[in-house]
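Let me begin by handing over the structure; questions about it come next.
The values are calculated or read from the model by the stated rules, or taken from the named source; none is laboratory data. These figures come from a predicted structure and were not determined experimentally. Glycine gets a Cβ as well: all are built from the backbone with ideal geometry, and neighbour counts include every protein chain shown.
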Amino acid sequence: MMQKQVTQAFRKKVYLLGLGKNGRHYWLEEPSWDCGWYWGFGYVETYTLDNSPSHSRDIYSHQHFDSLFLSGPKDCYSMFTEFFEETPLTEGEIWQLLELMKTFYTLKEAAAAYSIGGSHITENQFKNMLKNEHHAKELNAVVIPQITKGACKLLTPEPIQD
């Protein structure tokens, strides 16, 4: 079975998701609080030095977890397991990761809606009712960090016990 791995790529921590059917290693980039108003997380990348991101000179491919595994013609578990030739995750861990990632995306959207009072397509007639800085702050400062921490913990190797 493939071992869990955590390494660095371009000064960011990355977690091994698995070996794709195309023979490339796929890595999940650590979460980041970007531009002072939204969560960057779910970035799935491959690197020019496929199995050694810390020595890579560039990103080979950049995709999003939700478009790869959470939306499509099949259920998310099938999309994940059919994408990878091998993964360091057990069946139960795959289900947990998919749940946490879907929850992350749901809460990220909720936090944005609470922050701006809608979905940012046009002016929302319920903007005053929807805008809730307290809810947005709680999601962004407390709930989402715990969800992303849980996802990263699933992908982190267990410490060796003496």
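Among residues belonging to region 30-60 that are within 24 Å of residue 71 (Cβ to Cβ) and among the β-branched types (Val, Ile, Thr), point out the one that is nearest to the chain's Cα centre (by Cα).
Ranking the qualifying residues of region 30-60, first place goes to 44.
For region 126-152, give me the residue count where each residue is over 30 Å from residue 95 (Cβ atoms) and part of a helix (DSSP H, G or I).
7
Also: Does region 118-125 contain any residue that is crowded, with 17+ Cβ neighbours inside 10 Å and in a loop (DSSP other than H, G, I, E, B)?
yes
Note down all Cβ pairs under 6 Å where the first residue falls in region 1-20 and is within 21 Å of residue 82 (Cβ to Cβ), the second is surrounded by 16 or more Cβ atoms within 10 Å (Cβ to Cβ) and polar (S, T, N, Q), and they're at least six residues apart or on different chains.
If the second residue must be surrounded by 16 or more Cβ atoms within 10 Å (Cβ to Cβ) and polar (S, T, N, Q), the pairs left are 16/5; 18/87.
Looking at 17, 89, 100 in this structure, which one is at pLDDT 95 or above, assigned to a helix (DSSP H, G or I) and not polar (S, T, N, Q)?
On inspection, the qualifying residue turns out to be 100.
Could you tell me whether region 76-84 includes any residue that is under 18 Å from the mean Cα position of the chain (by Cα), polar (S, T, N, Q) and surrounded by 11 or more Cβ atoms within 10 Å (Cβ to Cβ)?
Taking every residue of region 76-84 in turn, at least one turns out to be under 18 Å from the mean Cα position of the chain (by Cα), polar (S, T, N, Q) and surrounded by 11 or more Cβ atoms within 10 Å (Cβ to Cβ).
Are there any pairs, at least 6 apart or on different chains, whose C-beta atoms fall under 8 Å, with the first in region 25-38 and farther than 11 Å from residue 140 by Cα and the second modelled with pLDDT under 85 and part of a loop (DSSP other than H, G, I, E, B), and if so, which?
Going by the 8 Å Cβ cut-off, the qualifying pairs are 25/50; 25/51.
Can you run down the residue pairs with Cβ atoms below 6 Å, 6 or more apart or on separate chains, where the first is in region 55-80 and without any contact (Cβ under 8 Å) to a residue 12 or more places away in the chain and the partner is not hydroxyl-bearing (Ser, Thr, Tyr) and not in a loop (DSSP other than H, G, I, E, B)?
From region 55-80, the pairs are 72/79; 79/69.
Still on this structure, please answer the following. Identify the single condition in (1) more than 21 Å from residue 3 (Cα to Cα); (2) touching a residue at least 12 places away in the same chain (Cβ under 8 Å) that residue 89 does not satisfy, given that it satisfies every other one.
Exception for residue 89: condition (1).
From 148, 87, 156, 106, grab the single residue that is within 30 Å of residue 11 (Cα to Cα), in contact with a Pro (Cβ under 7 Å, 6 or more places away or on another chain) and of a type outside the set (Phe, Trp, Tyr).
148
Does residue 91 satisfy the criteria of being surrounded by 14 or more Cβ atoms within 10 Å (Cβ to Cβ) and of a type in the set (Asp, Glu)?
In short, no.
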